[in-house]
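> First the structure, then my questions, so here it is.
The values are calculated or read from the model by the stated rules, or taken from the named source; none is laboratory data. Keep in mind the model is a prediction, meaning the values are calculated, not measured. Cβ coordinates were reconstructed from backbone atoms using ideal geometry, including for glycine residues, and neighbour counts include every protein chain displayed. Only protein heavy atoms, including side chains, enter the accessible area calculation; ligands, DNA and RNA are left aside. Shrake-Rupley method; radii C 1.70, N 1.55, O 1.52, S 1.80 Å.
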Amino acid sequence: MTVSSLRTLEPKLFDQRKAKHLLQRAGFGGTSQQAQALADMGIEKAVDFIVNYENVADPDPPSPEDYDKDIIRPASASERNTIKNARENGNESIVDMYRKERQRRQRLDRKQITEIERWWLQRLATTPRPLEEKLTLFWHGHFATGYRTIENSYHMYLQNMFFRENAMGNFKEDLVRGIIHDPAMIKYLNNHQNRKQAPNENLARELMELFTLGEGQGYDEDDIKEGARCLTGYTVEDDEFAFRIGNHDTGKKRIFGRSGNFDGDDFVDLIFTRPSASKFIVEKLYKFFINDLPHGETLASKNFSLSLSNLLKRQDWEIKPIIEAMFLSEHFYDDSNMNAIIKSPVQLIVQAARSLNPPQRSKMVRTLAISSDVMGQRLFAPPSVKGWDGGRTWINTSTMFMRQNTLLYLLTGQRPDSEAWEADGAQFDAMALVQGETRDPKDTITFLLTTLLNQENPDRTRVSSLQDYMKTQNNKINNETVTGLLTLITAMPEYQLC
């Protein structure tokens, strides 16, 4: 069946499999029991529960006080004066002392960004509000900013909090207008160097090309140049946005055929008069939540995206109605859109943690953060302002090796760089996954394939190959053999999809 409208799925069709699909896409998966609980709610209540996550208590909300904001701080007037005098007087020992202090702070800051990275990965795996974190991850990839360029861990943390606070907010007023005032983004795209005497086009270009309109959609090079003039004087003072009127170009600008004494906020208003403003972000949301379309767009996907973009305009750029419409729609649950997205490294790791419930292991979050980086996705370090390409770029021979070994580590405690006898001794309770199920090997295999791959009818060749394994284990159903089944299933190509 191919569906292209926003029509809601018939309530009677919302079963455990579709509920599990919702759990995977609106978050990072979950157990069969959690999926059944959603199915029992019915589609409207289930979507309401997930989308209105602010009604779910957050046991450990992030706070600006959680990390040191002063590791990387601007020099005080006294310090600047001391350094200036030392240089003028040739006092190299004073200059060297301040240089070493700066290097010490940089080392501390690199340590703090690692702590923040691991904190977020842990939060992704344990939050009772998974859609909040899934959207925070989406915006992190959309408004991509990397620590290595700005070298200020606290600014990255503040940006992460900004994405979380506005994850389901207004695309124009909260997210886009907010990002041109964001210290991390301003530093990342060099807008702190954007002055009327020498305009810097980076932020103006990416604002249109990558954040709102799409490459070459509805603007030209002159619009970029004039947009850069609008953003002159938008800078950072310590941890806050600052507008320096002395660096701002107050002259008349001409953008999209309109003239005026525009500033950065006016520039945002002008951008959202362009037709592609509603289409571009909807297409990215579609690829992230519904289908990344490795074989190109279909008529159904085009029509569905067009319906969503029209809804976005009618809702005055509010994101929540778009997310809600997606998760309620027949199109979202169409067979062609199930198991149609290749899991990102973060999705792979967090979904496995939430659905398999492995034991807490020594240095587990550290190990998983390193694994995610090796697989091509390090939090707070997207490869460029374009973010992660995603899709099939996640899969190659080296990343598949790491994917399989990461799942092996979660199940057995054996790290890829260690010997089997050096594995973390914490025992994985594999039997908890099949508790209450029949002890018949074939039924157990079918249950695990159905649960982990979210398939209605598991492939017979897969069932047969796992039966062969069970024969070597005398068809015994115990913790060891079920763990063996899990390591084989999680190494399958199908497990890479959600």
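> Once you keep just the Cα pairs under 8 angstrom separated by 6 or more residues, what percentage relative contact order results for the chain? Write down the numbers at each step before the final one.
Values: 667 pairs, mean separation 93.3, N = 498.
Once normalised by length, the contact order is 19 percent.
> Here is a follow-up. With θ set to phi - 60°, apply the Karplus curve 6.51 cos²θ - 1.76 cosθ + 1.60 along region 285-295 and write out the HN-Hα couplings as whole Hz, x wherever there is a Gly or Pro.
Calculated HN-Hα couplings, in order: 5, 4, 5, 6, 9, 10, 6, 7, 6, x, 9 Hz.
> With all protein chains present and a 1.4 Å probe, how do Ile281, Ile395 order by accessible area, largest first? If you can, show how the numbers build up before the last one.
Working: Ile281 0, Ile395 60 Å².
Descending accessible area places them as Ile395, Ile281.
> Would you please give the residues with an amide H less than 5 Å from that of Ala340, counting only those at least 5 places away or on a separate chain, with H modeled from the backbone geometry?
Long-range HN contacts for Ala340: Cys498.
> Next question, about the same structure. Rounded, prolate or oblate, given the Cα gyration tensor of region 45-162, with a/c below 1.5 counting as rounded? Intermediate results must be reported in sequence, preceding the final value.
Details: a/c = 3.55, a/b = 3.40, b/c = 1.04.
Verdict is prolate for region 45-162.
> Sticking with this one: How high is the relative contact order of region 1-107, given as a whole-number percent (alpha carbon pairs under 8 Å, six or more residues apart)?
Values: 43 pairs, mean separation 17.9, N = 107.
Reported relative contact order: 17 percent.
> Protein chains only, probe 1.4 Å: how do Val236, Val346 rank by accessible area, largest first? Write out the running numbers ahead of the final one.
Working: Val236 25, Val346 0 Å².
These residues rank, largest area first, as Val236, Val346.
> Quick query: amide H of Ile477 versus all other amide H atoms, modeled in the peptide plane; which residues come in under 5 Å with a sequence gap of 5 or more or a different chain?
Counting only residues 5 or more places away or on other chains, the set is empty.
> Could you go through region 123-137 in sequence order and give the Karplus-derived ³J(HN,Hα) for each residue, using 6.51 cos²θ - 1.76 cosθ + 1.60 with θ = phi - 60°, rounded to whole Hz, and x for Gly and Pro?
Once θ is set to phi - 60°, the couplings for region 123-137 become 5, 4, 7, 10, 4, x, 10, x, 5, 4, 6, 5, 5, 4, 5 Hz.
> Multiply the residue gap between Leu108 and Ala57 by 0.36 nm, knock off their C-alpha separation, and tell me the result in nm, one decimal place.
Numbers: separation 51, 0.36 × 51 = 18.36 nm, distance 3.28 nm.
Full extension from Leu108 to Ala57 adds 15.1 nm.
> In addition: For the pairs Lys45/Lys284; Lys225/Lys284; Lys20/Lys343; Lys12/Lys45; Lys134/Lys363; Lys320/Lys343, note any where the Cα-Cα span goes beyond 19 Å.
Working: Lys45/Lys284 26 Å; Lys225/Lys284 26 Å; Lys20/Lys343 15 Å; Lys12/Lys45 13 Å; Lys134/Lys363 24 Å; Lys320/Lys343 24 Å.
The answer is Lys45/Lys284; Lys225/Lys284; Lys134/Lys363; Lys320/Lys343.
> Next question, about the same structure. Based solely on its DSSP helices, what 222 nm [θ] is calculated for the chain when runs of n ≥ 4 H residues each add -39,500 (n - 2.57) and the sum is averaged over all residues, nearest 500 deg cm²/dmol? Each step should come with its number before you reach the end.
Values: 21 runs with 250 residues, N = 498.
Mean residue ellipticity, 222 nm, calculated: -15500 deg cm²/dmol.
> Which label belongs to the value computed from this structure, given these candidates for P(r) over Cα pairs in 10 Å bins from 0, in percent: (i) 3, 16, 26, 27, 19, 6, 1, 0, 0; (ii) 4, 17, 26, 24, 16, 8, 4, 1, 0; (iii) 4, 15, 21, 20, 15, 10, 8, 5, 2, 0?
For P(r) over Cα pairs in 10 Å bins from 0, in percent, the calculated option is (ii).
> Please state the shape class of region 213-366: rounded when a/c is under 1.5, otherwise prolate if a/b exceeds b/c and oblate if not, all from the C-alpha gyration tensor.
Cα axes put region 213-366 in the oblate bin.
> Remind me, relative contact order of region 79-206 in percent, using alpha carbon pairs under 8 angstrom and six or more residues apart? Working shown, then result.
Values: 79 pairs, mean separation 23.2, N = 128.
Averaging sequence separation for qualifying contacts and normalising by length gives 18 percent for region 79-206.
> Separation of region 138-159 and region 448-475 by C-alpha centroid, Å?
43
> Would you pull out the residues with amide H under 5 Å of Ala242's amide H, same chain only if 5 or more places away, H placed 1.01 Å from N?
Distant-sequence amide H within range of Ala242: Thr235, Val236, Glu237.
> Averaged per residue, what accessible area in Å² does the chain show with a 1.4 Å probe, protein chains only?
Details: 22620 Å² over 498 residues.
Normalised by residue count, the accessible surface of the chain is 45 Å².
> Same structure again: Which angle between 0 and 90 degrees, to the nearest 10, do you get for helix 479-489 versus the longest principal axis of the chain when only C-alpha atoms count?
Taking Cα atoms only, the helix is inclined about 60 degrees.
> Quick one: with all protein chains in place, what share of the accessible area of region 1-160 is carbon or sulfur, to the nearest percent (1.4 Å probe)?
49
> Indicate the gyration tensor shape class of region 150-234 (rounded, prolate or oblate), computed on the Cα atoms with a ≥ b ≥ c the square roots of the eigenvalues: a/c under 1.5 is rounded; otherwise a/b larger than b/c is prolate and the rest oblate. Don't skip to the answer; put the middle values down first.
On the way: a/c = 2.28, a/b = 1.28, b/c = 1.78.
Oblate shape, in that a/c is at least 1.5 and b/c is the bigger or equal ratio.
> Mind checking the angle between helix 16-25 and the chain's longest principal axis? C-alpha axes, 0 to 90 degrees, to the nearest 10.
20
> How much length, in nm to one decimal, is gained on full extension between Gln315 and Leu293, taken as 0.36 nm per residue of separation minus their Cα-Cα distance? Spell out each step's value before the answer.
On the way: separation 22, 0.36 × 22 = 7.92 nm, distance 2.64 nm.
Fully extending the segment from Gln315 to Leu293 adds 5.3 nm.
> What nm distance separates the two modelled labels at Asp96 and Lys442, each placed 7 Å from Cα along Cα→Cβ?
With each label placed 7 Å out from Cα toward Cβ, I get 8.0 nm.
> Along region 310-317, what does the Karplus equation 6.51 cos²θ - 1.76 cosθ + 1.60 (θ = phi - 60°) give for ³J(HN,Hα), rounded to whole Hz, x for Gly and Pro?
Going residue by residue, I get 5, 5, 4, 5, 5, 8, 6, 6 Hz, with x marking Gly and Pro.
> Right, something else. Cα axis of helix 77-88 to longest principal axis of the chain: angle in degrees, 0 to 90, nearest 10?
Result, in degrees: 70.
> While we're here: Roughly how far apart, in whole Å, are the Cα centres of region 5-46 and region 219-264?
One Cα centre to the other: 46 Å.
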